[in-house]
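One structure below.
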Amino acid sequence: MNPYALSVLMSSLAVGTIITLSSTHWFLAWMGLEVNTLAIIPLMTKMHHPRATESATKYFLTQATASALVLFSTAINAWVLGEWTISNLNPMSSTILTIALAMKLGIAPFHLWLPDVLQGLNLMTGLILSTWQKLAPMALLIMINHQLNSNLLVMMAILSAVIGGWGGLNQIQMRKIMAYSSIAHLGWMILILTFSPALTILNLMIYILLTSSMFMMMINLYSTNINKLATSWLKTPTLSASMMITLMALGGLPPTTGFLPKWLILQEMTKQHMGLISTIMAMSALLSLFFYLRLSYTISLTTPPNTSNSNLMWRTQLKPMMTLPPIIILSLLLMPITPLLLTMVT
């Protein structure tokens, strides 16, 4: 892609998110979401492959439907209350808006587009879709958290955590595994949204950190499926070991950073006397943990030490990424500074 076109598209992505984050008017927030959607579609189709075109089409149709619902709900709200400010919502508009933003994020039961779309993209665009594109819709949900229907959010959260864990069990494509991982993590975020928005923000930050780390390692190792991942130790053993530990962090194993949000969310849900829901969420986390551990064993333990028949990229061909080492360190070692992180988001 032309560097000038790429810079314009990346700037538009940033501007769209910033417009939504800084807006107090629903129409301006909707405009930011639209700029975001329109800026990423050319990035999706830059591979010139039928699968990429299919992904871009599915993404456009889903996001256009969600944007129409956002505009519809805010128009109803303006009709009922006589104002367009984000701070006030009537119950009907709140429900429609929750559904619309769930479609934009890929929260179950509106998740079906996410694995297929992510599978058709290259890894760098998949990284943007899995991290940056979550910021604007999630920011809107956090802004209106006190006006949302908590029962609806809890139902969607449980469904997302279970489907995110169940859907990833039989996958061999890394991008689909990361899509189901995203669905499960979003379930944890919206579960705690109405009870403690600060924990939602903390969970979002840690999710973006872990997912960025994982995608950057996949880009560096050229790993798009489990078979390629199994031979990654031939290229960079150190990076393969880091990926194994990052997968455990995504699964929420202590003492990695990924354990922190799950621990705090389960603690808060127990304080809210929601023991059954906490138990279901904890059990669903075990489903996700299973396929993360399966990938970890694929990288480290179950692959015999022999060379593959396929052509391998040698170490001199790997792209150096200056941001990767600090992101990996943060993905693994943030547990000791938990009080500082909680102070930052509250």
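The values are calculated or read from the model by the stated rules, or taken from the named source; none is laboratory data. Please read these numbers as outputs of a predicted model, since none were measured by experiment. Note that we place each Cβ from the backbone using ideal geometry, even for glycine, and neighbour counts take in every protein chain shown. Side chains included, ligands, DNA and RNA excluded: accessible areas come from the protein's heavy atoms. Shrake-Rupley method; radii C 1.70, N 1.55, O 1.52, S 1.80 Å.
Spin-label model, Ala241/Leu342: points 7 Å from Cα along the beta carbon direction are separated by 3.3 nm. Maximal additional length on extending the Ala75-Ser7 stretch stands at 21.1 nm, based on 0.36 nm per residue less the C-alpha distance. Evaluated at q = 0.21 Å⁻¹, a Debye calculation over the C-alpha positions of segment 125-244 (equal weights, vacuum) places log10 I(q)/I(0) at -1.15. The mean of 1/r over all distinct Cα pairs in segment 149-345, once inverted, gives the Kirkwood hydrodynamic radius of 17.4 Å. Per residue, the average separation of C-alpha pairs within less than 8 Å and at least 6 apart gives the chain a relative contact order of 15 percent. Residues in segment 1-142 average 42 Å² of solvent-accessible surface per residue, probe 1.4 Å, ligands and nucleic acids excluded.
Put simply, when 61-68, 243-250 are sorted by average Cβ atoms within 10 angstrom per residue, most first, you get 243-250, 61-68.
Residues in segment 162-236 average 26 Å² of solvent-accessible surface per residue, probe 1.4 Å, ligands and nucleic acids excluded. With kT/(6 pi eta Rh) evaluated at 20 °C and eta = 1.002 mPa s, and Rh the Kirkwood radius from Cα pairs, the chain diffuses with a coefficient of 103 µm²/s according to Stokes-Einstein. Bridgeable lysines around Lys176 (alpha carbons under 26 Å apart, same-chain partners fewer than 8 residues away excluded): Lys46, Lys58, Lys104, Lys134, Lys228, Lys235, Lys262, Lys319. Subtracting the Cα-Cα distance of His146 and Trp263 from their residue separation scaled by 0.36 nm leaves 39.8 nm. Solvent-accessible area assigned to carbon and sulfur over the chain amounts to 71 percent, based on a 1.4 Å probe. To the nearest 10, the accessible area of Ser223 is 0 Å² with a 1.4 Å probe. D by Stokes-Einstein for segment 179-269, Kirkwood Rh over Cα pairs, 4 °C, 1.567 mPa s: 93 µm²/s.
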